[in-house]
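Only one structure is covered here, and it is reproduced in the block below.
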Amino acid sequence: MPGYDSGVWYGVLAPLNTPREIVMRLNADLLKVLRHPEFRTLMQDNGIEPMGTSPKELASYIRSEIVKWAKVVKQAKLKVE
């Protein structure tokens, strides 16, 4: 569909009601890994651009993806079979 980007992304999620301190600690540790030169090289050599965001930014991105793809499903009149 014109105007839509369908790139692949991955995120790490925690169960609902996970204490904020744990979520923030996991996020900080994951960001360290994502910034490590050897890891970055490994990912980039495989065509993956490692990125890291905050939990708030990831939640916002997920919400925007739901809105975007709901429009595609509606316009294409897709049905669950």
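Structure notes:
- Subset of the stretch 52-63 [within 19 Å of Ser6 (Cβ to Cβ) and surrounded by fewer than 10 Cβ atoms within 10 Å (Cβ to Cβ)]: none
- Look at (1) at pLDDT 95 or above; (2) within 17 Å of the chain's Cα centre (by Cα) and you find that Leu42 fails only one, number (2).
The values are calculated or read from the model by the stated rules, or taken from the named source; none is laboratory data. From a predicted model like this one, the values you see are computed outputs, not experimental measurements. All Cβ positions, even for glycine, are placed from backbone atoms using ideal geometry, and neighbour counts span all protein chains on display.
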